Amino acid sequence: MTRAMGRWVLLMACLMGTAQAAESKDWSTERRDGMVIRTRPRADIPGGKDFWAEGELAADLDALRAALKDHEQFRRWMPHVTESRVLAQEPGGSRVTYTQLDLPIVSNRDYVLRVSEEEGQDAEGRATFLQRWAPAHGVVPERRGVVRLLRNMGSWHFTAKPEGGVHFVYRFTVEAGGSVPSFLASVGQMDAVVETVRALEKRALALAQETPAPAP
């Protein structure tokens with residue numbers, strides 16, 4: 001029961017990192033399922049934490065980009081997501097999205113985000129994709145019986161590898177929301193990070209299989 005409680009805390013971020021070095025002494029590091037996961041508490045956010053996961057994915061950059069840009073489909077493959085909608089496409093290319101989570105034990109959570117993307121190359125000429133998100137307040141009224149998460153921000157950063165696959169950095173900050181004791185919110189957190197990353201990888205691999213090969 002308590003492990004399930006911990007997993008939803010991390011799955012609520014559903015998506016996205018910058019490749020800065022972790023210099024703070026507050027970071028706690030663990031290696032799980034081939035990736036490095038770091039966490040640190042946020043004194044300014046009740047029950048809040050910063051998360052950082054970094055490693056390699058077998059999926060290619062195009063498929064990962066397609067998976068993350070199709071927010072409407074999150075409810076079909078992202079754990080605990082029951083509603084995922086694009087509320088608005090903005091002139092600069094960003095979009096406003098709504099997500100609701102059906103969680104074990106506690107009330108459902110939801111959040112409204114402004115999501116933006118950048119494509120480019122690193123210093124070695126490798127293709128990169130960066131997706132960032134931050135809260136978009138005042139767009140959708142809060143729903144009765146659903147806890148609105150007001151502080152949910154982060155990013156995914158991918159760099160294509162010459163031999164195939166990508167290097168990823170997934171960073172985000174969230175609050176637990178509601179009256180969740182901090183010791184419960186921490187249970188199972190590493191498992192939840194792994195589940196989120198692997199769900200994205202699985203979706204991207206499936207999309208790559210569905211995409212027709214280019215004509216010779």
What single numbered condition from (1) out of contact with any Ser or Thr (no Cβ under 6 Å at 6 or more places or on another chain); (2) of a type in the set (Gly, Ala, Ser); (3) surrounded by fewer than 18 Cβ atoms within 10 Å (Cβ to Cβ) fails to hold for Ala63? (3)
Restricting attention to the stretch 98-117, which residues are touching a helix residue (DSSP H, G or I) at 6+ places or on another chain (Cβ under 8 Å) and in a strand (DSSP E or B)? Thr99, Leu101, Arg109, Val115, Glu117
Candidate set from the stretch 35-60 (those that are open to solvent by 40 Å² or more (accessible area, probe 1.4 Å) and closer than 27 Å to Glu163 by Cα); member that is nearest to the chain's Cα centre (by Cα): Glu54
Which of (1) modelled with pLDDT of 90 or more; (2) surrounded by fewer than 18 Cβ atoms within 10 Å (Cβ to Cβ) is the odd one out, the single condition Ser24 does not satisfy? (1)
I'd like to verify a number: residues in the stretch 98-121 that are under 19 Å from Ala63 (Cα atoms) and either open to solvent by less than 60 Å² (accessible area, probe 1.4 Å) or of a type in the set (A, V, I, L, M) (or both), how many? 4
Meets criteria (surrounded by 21 or more Cβ atoms within 10 Å (Cβ to Cβ), among the aromatic types (Phe, Trp, Tyr) and more than 19 Å from Trp52 (Cα to Cα)) for Tyr170: no
Output for Cβ contacts, cut-off 8 Å, separation at least six or different chains, first residue modelled with pLDDT under 95 and part of a strand (DSSP E or B) in the stretch 168-179, second among the aliphatic types (A, V, I, L, M) and surrounded by fewer than 23 Cβ atoms within 10 Å (Cβ to Cβ), reads Phe172/Met153; Thr173/Ile45; Thr173/Met153; Val174/Leu149
Within the stretch 68-97, the residues that are open to solvent by less than 50 Å² (accessible area, probe 1.4 Å), part of a strand (DSSP E or B) and touching a helix residue (DSSP H, G or I) at 6+ places or on another chain (Cβ under 9 Å) are Val81, Glu83, Ser84, Val86, Arg95, Thr97
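Results for (1) assigned to a loop (DSSP other than H, G, I, E, B); (2) on the phi > 0 side of the Ramachandran plot; (3) open to solvent by less than 20 Å² (accessible area, probe 1.4 Å); (4) modelled with pLDDT of 95 or more, shown as yes or no for each residue.
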{"site": "Gln131", "(1), (2), (3), (4)": "no, no, yes, yes"}
{"site": "Ala134", "(1), (2), (3), (4)": "no, no, no, yes"}
{"site": "Val147", "(1), (2), (3), (4)": "no, no, no, no"}
{"site": "Leu150", "(1), (2), (3), (4)": "yes, no, no, no"}
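The values are calculated or read from the model by the stated rules, or taken from the named source; none is laboratory data. Just so it is clear, the structure is predicted and the values come from calculations on it, not from any experiment. Please note: Cβ atoms are built from the backbone with ideal geometry, for glycine as well, and neighbour counts cover all protein chains shown. The protein model used for the area step is the full one, side chains on, heavy atoms only, and it has no ligands, DNA or RNA in it. Shrake-Rupley method; radii C 1.70, N 1.55, O 1.52, S 1.80 Å.
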